[in-house]
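Heads up: the structure comes next, in structure tokens.
The values are calculated or read from the model by the stated rules, or taken from the named source; none is laboratory data. Being a predicted model, the structure only gives us computed values, none of them experimental. Cβ placement follows ideal geometry from the backbone for every residue including glycine, while neighbour counts extend to all protein chains displayed. For accessibility, only protein heavy atoms count, side chains too; no ligands or nucleic acids. Shrake-Rupley method; radii C 1.70, N 1.55, O 1.52, S 1.80 Å.
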Amino acid sequence: MAKIRHNNLLNTVVDVMTKAKDSGALHLYAEGNSLNGRQIQINGKKLFHFGTTGYLGLEHDPRLKQGAMDAVAAYGTQFPVSKSYVSHPLYEELESLVGEMYDSPVVITKNSTLGHLGVVPSVVGDGDAVILDHQVHWSLQSAVNPLKLRSVPVEMIRHNNLQMLEDKIKKFQSKCDKIWYMADGMYSMYGDYAPIAELMELLNKYPQLHIYFDDVHGMSWKGKHGSGYVMSEIKQLPERVILFGTLSKTFGASGAVMVCSDKKLQQKIKNFGGPLTFSVQLEPASVGAAIASAKIHLSDEIYTLQEELADRISFFNQSLKQTNLPVIVDNDSPIFYIGAGMPETGFNLVNSLIESGFYVNTGIFPGVPIKNTGLRISISRNNQKEEMQGLVDALVDNFPKALEDTHTSLERIYFAFGKGKNKQSNGKLPKSHLKVNRYETITDISPELWNKTVGGHGFYDWKGLRSLEQVFRANELQQHNYRFYYYIILDENQDCLLATFFSYGLWKEDMLAPRSVSVKLEKERENNPYFHTGYCLCMGSMITEGEHLFLNREHNSWKEALNLLLAELETLEKKLDPQYVILRDFKVEDKGLNDFFHAKGFIKVAMPEAAVYHNFQWDDEASYIESLSSRSRRHFRKDIQVFKDQLEIRLSDQLGDEELEACYKLYLNVKKNNLGLNTFSYPFSLFKHMNSSPEWEFLLIYLREKDQYPVGVMFCYKNASQVYTPAVVGMDYEYSRSFNIYRQLLYQTILRAKDLQSKRIDFGLTAGFEKRKVGAQIQQKCCYIQARDNYAMEALEFLRND
């Protein structure tokens with residue numbers, strides 16, 4: 001398996017958003033000479049607007065517009081001076097009004113993103129720890145990342161999981177000064193809330209606990225003076241709580257506000273808060289509009305506006321409850337999330353609604369997990385009940401067609417959102433003329449069929465898999481037990497269209513993390529061997545490498561076959577409940593499969609380079625050397641040929657007990673040293689099986705002056721399709737550098753494959769530089785990952801960036 005390269009997440013975000021843009025669901029332009037909040041024009045079509053975050057519609061209030069115009073007339077379009085030097089004349093009035101709203105000291109910031117970047121490093125000390133809710137807004141997560149450079153421990157919990165939070169508080173109690181928990185008050189995608197009352201109980205229970213809330217989406221439409229959802233629950237801000245609200249979105253102007261009850265802390269942040277110190281202050285127009293809005297918030301009128309919005313929210317809620325649409329969270333906020341599951345289903349629905357006269361936002365990765373794509377519908381005071389009912393009717397009409405078009409069902413959507421165990425639906429997948437056959441042992445499949453399709457690679461031909469089934473079962477340690485599942489899909493002529501196999505087993509989550517992370521985790525695993533491990537349903541297995549999927553791309557129904565395979569995997573997921581599903585190993589440049597898997601909710605992850613060798617058009621060592629590049633020829637003479645007389649090469653198809661144990665120790669040396677590809681070690685029973693199987697043989701290197709034990713070994717498999725596979729390597733690191741043992745083993749593998757008249761060597765993953773030097777061709781590979789839930793995928797990415 002592979003490490004995630006640094007740009008994987010960004011590449012995936014770009015790919016997904018590009019697909020959304022091409023589908024007409026993202027990066028659209030509003031048109032027209034004016035806006036009224038109720039309708040929006042896109043591509044010449046007037047649409048009812050259900051995508052705003054201005055829930056109270058204050059951005060169109062004449063008083064805010066007049067406040068902005070008066071400020072520009074009096075003070076110009078900007079006041080280009082850092083606020084640390086001097087604030088323009090309206091700033092003091094705004095700070096006073098917003099402070100009155102919260103009855104606490106405040107700091108006005110340009111926006112919440114810059115605000116977090118300024119406040120978080122100022123309040124979190126080097127001796128503190130940070131715990132993040134995994135759904136906390138990206139702007140806050142981004143502000144926390146630089147703390148890691150100061151060695152501040154940063155960890156993540158599942159969304160609103162108070163038990164996980166308390167466990168981590170206890171973990172940090174004896175190690176850290178302050179423990180910061182960071183969460184949203186109201187979450188921006190699903191519209192659900194933080195459990196404020198329970199968090200206040202934890203705050204009282206643990207004196208080290210401090211809480212940092214981003215409540216920008218809870219602002220204005222909730223709370224006394226529109227101070228937000230958090231303040232509606234706690235009334236008075238506790239000393240160990242920091243709160244961020246907004247002056248944009250529902251507030252109707254621009255900017256953000258930090259609130260805390262500690263005057264000294266407020267002054268510290270105001271005096272020097274990073275970008276708050278050096279960034280240009282809010283424009284006069286923004287301040288003028290914000291002052292007008294603050295005055296509305298401080299009047300009784302704000303409660304009338306809140307009640308009018310609440311009435312619309314209630315109406316929309318009741319309308320949705322009359323349907324079987326997959327509403328993901330039941331709440332009373334202005335945000336409603338209708339699950340679509342796969343990105344292509346979400347894009348289909350958005351376009352259908354546009355055709356029906358309604359605009360809604362797409363909930364898309366990375367705002368939500370890629371398989372939790374959906375429709376993010378927001379209700380504002382501008383929406384009238386007739387168009388709200390019209391939107392619900394349009395959803396009911398268009399949803400079944402979107403499911404059919406994208407080969408999915410309501411049941412699959414519920415499962416994608418973790419609701420599969422208690423939600424049922426009548427939605428069915430379209431009938432197919434293809435036949436899916438699933439097996440749990442390779443012995444139920446014809447050896448001829450398997451070796452002709454999948455089995456022409458690595459050591460997972462028919463005999464190889466039969467052996468793996470025998471080795472990886474009934475072992476004492478759970479990481480040494482796999483379950484195997486095989487899929488054969490036939491067309492109406494009984495021709496094989498798709499063949500593959502999956503394994504279910506325990507893996508280390510840092511397999512996809514940098515070596516530095518694995519070093520830390522392995523220290524922890526000395527006492528807790530299953531720390532940061534989880535079960536994975538993986539195409540192929542943790543031990544095999546190569547092309548694990550046979551797919552006849554010339555067949556007109558290849559996409560249908562893949563759809564059927566994914567549906568079968570979901571059925572298996574419900575039974576096994578793996579943390580991750582991984583499809584591997586694919587060519588990076590395969591755009592067709594890339595687009596297909598992204599549309600189905602998988603994230604693309606780069607793998608280490610794979611290497612194959614098939615240039616056997618030489619007769620002896622001299623002609624082999626000539627087949628290499630000029631630079632590789634120099635490497636061969638300097639790193640391999642020069643040690644020829646000092647090394648003894650032995651080939652064996654069976655080792656003695658003592659020699660086998662010595663070779664196993666050499667393998668463990670490599671395993672321990674190679675934390676850049678951190679997996680569980682293989683059981684000794686695998687090597688005992690190799691030693692008794694005619695398909696395996698051993699290439700061994702001895703030092704002529706010290707030939708008691710080998711210093712290098714390559715465990716090689718002779719595939720039924722004339723493919724030679726050096727599957728496992730072992731080395732004595734005392735001699736590996738001085739004699740270039742690894743390159744010696746690679747060269748001897750090529751010589752042996754030549755003797756066997758093999759048509760190809762599958763060198764597998766990693767060490768691409770070394771393999772290139774002996775003439776192997778390097779291939780860029782990738783896999784596609786789907787996490788069980790949002791936390792699992794974000795925790796994986798979070799761990800990778802630790």
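In the range 159-187, which residues are of a type outside the set (Asp, Glu), open to solvent by 20 Å² or more (accessible area, probe 1.4 Å) and in a loop (DSSP other than H, G, I, E, B)? Please lay out each step first, then the result.
First, pick out the residues of the range 159-187 that are of a type outside the set (Asp, Glu): 159-165, 168-176, 178-183, 185-187.
With the extra rule that they be open to solvent by 20 Å² or more (accessible area, probe 1.4 Å), the set shrinks to 159-164, 168, 170-171, 173-175, 178.
Listed by number, the residues that qualify are His159, Asn160, Asn161, Ser174, Lys175, Lys178.
Inside the range 124-158, can you point out the residues that are basic (Lys, Arg), in a helix (DSSP H, G or I) and in contact (Cβ under 8 Å) with a residue 40 or more places away in the chain? Don't jump to the end; show me each part of the working.
Step one: of the range 124-158, the residues basic (Lys, Arg) are 148, 150, 158.
Then keep just the ones that are in a helix (DSSP H, G or I); that gives 148, 150.
Once the filter is applied, which keeps residues that are basic (Lys, Arg), in a helix (DSSP H, G or I) and in contact (Cβ under 8 Å) with a residue 40 or more places away in the chain, the range 124-158 yields only Lys148.
Can you tell me which residues in the range 490-548 are out of contact with any Phe, Trp or Tyr (no Cβ under 7 Å at 6 or more places or on another chain), among the hydroxyl-bearing types (Ser, Thr, Tyr) and not in a loop (DSSP other than H, G, I, E, B)?
Selection gives Ser516, Ser518.
Which helices (runs of 4 or more DSSP H) does the range 220-286 wholly contain that include 3 or more residues that are over 18 Å from Lys110 (Cβ atoms) and either open to solvent by 20 Å² or more (accessible area, probe 1.4 Å) or among the aliphatic types (A, V, I, L, M) (or both)? Lay out the reasoning, then the answer.
Details: elements: 229-234, 263-271, 275-278.
Passing ranges, in order: 229-234, 263-271.
I'm told Asn475 meets every condition in (1) surrounded by fewer than 20 Cβ atoms within 10 Å (Cβ to Cβ); (2) closer than 17 Å to Leu583 by Cα; (3) in contact (Cβ under 8 Å) with a residue 60 or more places away in the chain except one. Can you identify the failing condition by its number?
Here Asn475 meets the rest and fails (2).
Part of a strand (DSSP E or B), open to solvent by 20 Å² or more (accessible area, probe 1.4 Å) and either free of Cβ contacts under 8 Å to residues at least 12 places away in the same chain or within 26 Å of Asn594 (Cα to Cα) (or both), is that true of Tyr487? Spell out how you get there, then give the answer.
Details: part of a strand (DSSP E or B): yes; open to solvent by 20 Å² or more (accessible area, probe 1.4 Å): no; either free of Cβ contacts under 8 Å to residues at least 12 places away in the same chain or within 26 Å of Asn594 (Cα to Cα) (or both): yes.
For Tyr487, the condition - part of a strand (DSSP E or B), open to solvent by 20 Å² or more (accessible area, probe 1.4 Å) and either free of Cβ contacts under 8 Å to residues at least 12 places away in the same chain or within 26 Å of Asn594 (Cα to Cα) (or both) - is not met.
This table checks each residue for (1) out of contact with any Gly (no Cβ under 9 Å at 6 or more places or on another chain); (2) open to solvent by less than 20 Å² (accessible area, probe 1.4 Å).
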position	(1), (2)
His555	yes, no
Lys574	no, no
Gln579	no, no
Ile582	no, yes
Asp585	no, yes
Val588	yes, no
Asp595	yes, no
Ala599	yes, yes
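Consider Leu465 carefully, then state whether it is open to solvent by less than 20 Å² (accessible area, probe 1.4 Å) and in a strand (DSSP E or B). Before you say what the answer is, go through the steps one by one.
Numbers: open to solvent by less than 20 Å² (accessible area, probe 1.4 Å): yes; in a strand (DSSP E or B): no.
The answer is no for Leu465.
State whether one or more residues within the range 740-759 are outside any strand (DSSP E or B), within 25 Å of Thr12 (Cα to Cα), touching an Asp or Glu at 6+ places or on another chain (Cβ under 7 Å) and at pLDDT 85 or above. Even if it seems obvious, please write down each step before you answer.
So the first thing to find is which residues in the range 740-759 are outside any strand (DSSP E or B), and the list is 740-759.
Still in the running and within 25 Å of Thr12 (Cα to Cα): none.
No, that holds for no residue.
Would you point out which residue out of Tyr535, Tyr530 is open to solvent by 40 Å² or more (accessible area, probe 1.4 Å), free of Cβ contacts under 8 Å to residues at least 60 places away in the same chain and within 26 Å of Glu440 (Cα to Cα)?
Working: Tyr530 fails: within 26 Å of Glu440 (Cα to Cα).
After applying the criteria, what remains is Tyr535.
Looking only at the range 707-725, which residues are within 15 Å of Leu651 (Cβ to Cβ) and without any contact (Cβ under 8 Å) to a residue 12 or more places away in the chain?
Answer for the range 707-725, where residues must be within 15 Å of Leu651 (Cβ to Cβ) and without any contact (Cβ under 8 Å) to a residue 12 or more places away in the chain: there is none.
Which of the numbered conditions does Ala402 fail, given that it passes all the others? Conditions: (1) at pLDDT below 90; (2) assigned to a helix (DSSP H, G or I).
(1)
Looking only at the range 37-84, how many residues end up being in a loop (DSSP other than H, G, I, E, B), closer than 23 Å to Glu283 by Cα and polar (S, T, N, Q)?
Result for the range 37-84: 5.
Within the range 74-103, can you find the residues that are of a type in the set (Val, Ile, Thr) and surrounded by 13 or more Cβ atoms within 10 Å (Cβ to Cβ)?
Just the residues of the range 74-103 that are of a type in the set (Val, Ile, Thr), to begin with: 77, 81, 86, 98.
Across the range 74-103, the qualifying residue is only Val98.
Of these, Ser188, Ser220, Ser227, which one is at pLDDT below 95 and among the small types (Gly, Ala, Ser)?
Numbers: Ser220 fails: at pLDDT below 95; Ser227 fails: at pLDDT below 95.
The unique qualifying residue is Ser188.
List every residue pair whose Cβ atoms sit under 9 Å apart, with the two residues 6 or more apart in sequence or on different chains, where the first one lies in the range 162-189 and is closer than 19 Å to Val144 by Cα and among the hydrophobic types (A, V, I, L, M, F, W, C) and the second, anywhere, is open to solvent by 80 Å² or more (accessible area, probe 1.4 Å) and part of a helix (DSSP H, G or I).
So the pair list comes out as Ile169/Lys205.
Would you pick out the residues in the range 433-450 that are open to solvent by less than 40 Å² (accessible area, probe 1.4 Å) and either modelled with pLDDT under 95 or not hydroxyl-bearing (Ser, Thr, Tyr) (or both)? Lay out the reasoning, then the answer.
Kept after step one, since they are open to solvent by less than 40 Å² (accessible area, probe 1.4 Å), are these residues of the range 433-450: 434, 437, 441-442, 445, 450.
The answer is Leu434, Asn437, Ile442, Ile445, Trp450.
How many residues, within the range 303-348, are assigned to a loop (DSSP other than H, G, I, E, B) and either of a type in the set (A, V, I, L, M) or buried (at least 19 other Cβ atoms within 10 Å of the Cβ) (or both)? Break it down stepwise before answering.
Residues of the range 303-348 assigned to a loop (DSSP other than H, G, I, E, B): 322-326, 328-334, 342.
Adding the requirement that they be either of a type in the set (A, V, I, L, M) or buried (at least 19 other Cβ atoms within 10 Å of the Cβ) (or both) leaves 325-326, 328-329, 333-334, 342.
Here the count works out to 7.
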